[in-house]
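I have placed the structure first, in the form of structure tokens, so that the comments after it can refer back to it.
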Amino acid sequence: MPRSPLRAVLIASLFVGAFACAREPAQESTAPGEPTAEQTVALPPGVEAKSLRGEPLAAPELPDDFRTRQEELLAEVRLRLEQTPDDPERWIWVGRRTAYLGRYREAIEIYDRALERFPEDPRLYRHRGHRYITTRRLEEAIDDLAHAVVLTRGRPDEVEPDGLPNERGIPTSTLQGNVWYHLALAHYLSGDFETALAAWRECLAVAKNPDSLVAASYWLYLTLARLGQPEEAERILQPIAPGLDVIENHDYHRLLLSYRRLADAHAMWEEASADPASVGYATVGYGLGAYHLIGGREEKAREWFGRVLESPTWAAFGYIAAEAELARAR
């Protein structure tokens, strides 16, 4: 579908600074994929990031069985990287496995070093951009993800393999879908809803299954509502039916249904709040708070956002979004 001149301008604005993400070369460590001392300069040991309100965020506690398994998988991919360091796929998996262990700064360092070898691989910018969002480095995330948009433009999309497979073992996302998703999210978290809107529309355009549909539609709905376009926001809800075959993004699906008044928001929160350490707690809590916010009930919205920040899952997008709302409200 041809883009309007206004939409073209908005999309073009996404790429400002796309090539400003070059970094000083990192010092090589003795084995590929191992951390260097450089990553510990800005923050003290045990602190992975500073929140958008300036508070230190400690490395997350993980269940013992999950940590043990992920450490085993990380050791395997590190060995493969040592054997074939000229394969960018090996670097990507070392970075991903490192991040699953909550070592986000180390993962970024791994992507830094990989990009010295493979500066034109959009997958590396996509994954580093994601972890820049996790660590609240939103401007750097936007630079990386906008660069990935440029590098993937005109290329066929590709399914992105899962590192933490869902119950059916079916990947639900693609490279371009993830690039647009994370780029739009970074703008949304920054409060730049106009630019986020253009990116969410691109994300929705490449959605190929119910999971990617509900994920893009959820944030697009909220963005349109924040921009004072309620009728357009309501149109986004129309394809969201109770019977969609969603595999992973059940919380987004149910939130959208609650916005359509086809699901019970109270029951959804009762279920999510049973485990404050779950991603669902942050996702549902932010989604309900955002609904109050777009309805003009700001005090109620802040109460919900405050609840979200009681969760330890500070890497969850719902948590970061709640944090951003409260940081802007100060």
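Residues checked against (1) open to solvent by less than 30 Å² (accessible area, probe 1.4 Å); (2) modelled with pLDDT of 95 or more; (3) farther than 23 Å from Pro60 by Cβ:
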position: Trp93; (1), (2), (3): no, yes, no
position: Ile110; (1), (2), (3): yes, yes, no
position: Ile133; (1), (2), (3): yes, yes, no
position: Arg137; (1), (2), (3): no, yes, no
position: Glu140; (1), (2), (3): no, yes, no
position: Leu145; (1), (2), (3): yes, yes, yes
position: Arg153; (1), (2), (3): no, yes, yes
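Of the residues contained in the stretch 165-175, one or more are found to be part of a helix (DSSP H, G or I) and aliphatic (A, V, I, L, M).
Identify, please: which residue in the stretch 227-244 is assigned to a helix (DSSP H, G or I) and open to solvent by 10 Å² or more (accessible area, probe 1.4 Å) and is, among those, nearest to His292 (Cα to Cα)? Selected residue: Pro230.
For the stretch 84-91, the condition of being in contact (Cβ under 8 Å) with a residue 40 or more places away in the chain, open to solvent by less than 40 Å² (accessible area, probe 1.4 Å), over 27 Å from Gly318 (Cβ atoms) and more than 20 Å from the chain's Cα centre (by Cα) holds for at least one residue. Every listed requirement among (1) open to solvent by less than 50 Å² (accessible area, probe 1.4 Å); (2) in a helix (DSSP H, G or I); (3) in contact with a Ser or Thr (Cβ under 9 Å, 6 or more places away or on another chain) is met by Ala186 save one, (3). Within the group Tyr281, Tyr221, which residue is among the hydroxyl-bearing types (Ser, Thr, Tyr) and closer than 30 Å to Ala58 by Cα? Going through Tyr281, Tyr221 in turn, just one is among the hydroxyl-bearing types (Ser, Thr, Tyr) and closer than 30 Å to Ala58 by Cα: Tyr281.
Per the listing Leu115, Leu73, Leu79, Leu124, the residue uniquely without any contact (Cβ under 8 Å) to a residue 60 or more places away in the chain and under 25 Å from Leu183 (Cβ atoms) is Leu124. Going through (1) modelled with pLDDT under 50; (2) crowded, with 17+ Cβ neighbours inside 10 Å; (3) farther than 28 Å from Ala322 by Cα one by one, Cys21 falls short only on (3). Every condition in (1) on the phi > 0 side of the Ramachandran plot; (2) out of contact with any Leu (no Cβ under 7 Å at 6 or more places or on another chain); (3) of a type in the set (D, E, K, R) holds for Arg136 except the one numbered (2).
Candidates are the residues of the stretch 274-325 that are in contact with a Gly (Cβ under 7 Å, 6 or more places away or on another chain) and open to solvent by 10 Å² or more (accessible area, probe 1.4 Å); the one that is nearest to His250 (Cα to Cα) is Thr283.
With respect to Leu224, determine if the residue is in a helix (DSSP H, G or I) and either open to solvent by less than 50 Å² (accessible area, probe 1.4 Å) or within 19 Å of Pro210 (Cα to Cα) (or both).
Numbers: in a helix (DSSP H, G or I): yes; either open to solvent by less than 50 Å² (accessible area, probe 1.4 Å) or within 19 Å of Pro210 (Cα to Cα) (or both): yes.
Yes.
Whenever a residue of the stretch 245-260 is part of a loop (DSSP other than H, G, I, E, B), its partners that are among the small types (Gly, Ala, Ser), lying with C-beta atoms within less than 6 angstrom and at least six residues away or across chains, give the pairs Asn249/Ala215.
Checked against (1) touching a helix residue (DSSP H, G or I) at 6+ places or on another chain (Cβ under 7 Å); (2) within 23 Å of Ser190 (Cα to Cα), Arg96 meets all criteria but (2).
Among the residues of this structure, Gly177 does not count as one that is open to solvent by 30 Å² or more (accessible area, probe 1.4 Å) and not hydrophobic (A, V, I, L, M, F, W, C).
The values are calculated or read from the model by the stated rules, or taken from the named source; none is laboratory data. Quick caveat: nothing in here was measured; it's all calculated off a predicted structure. Using ideal geometry, Cβ is built from the backbone for each residue, glycine included, and neighbour counts are taken over all protein chains shown. Accessible surface is based on the protein model in full, side chains and every heavy atom, while ligands, DNA and RNA are left aside. Shrake-Rupley method; radii C 1.70, N 1.55, O 1.52, S 1.80 Å.
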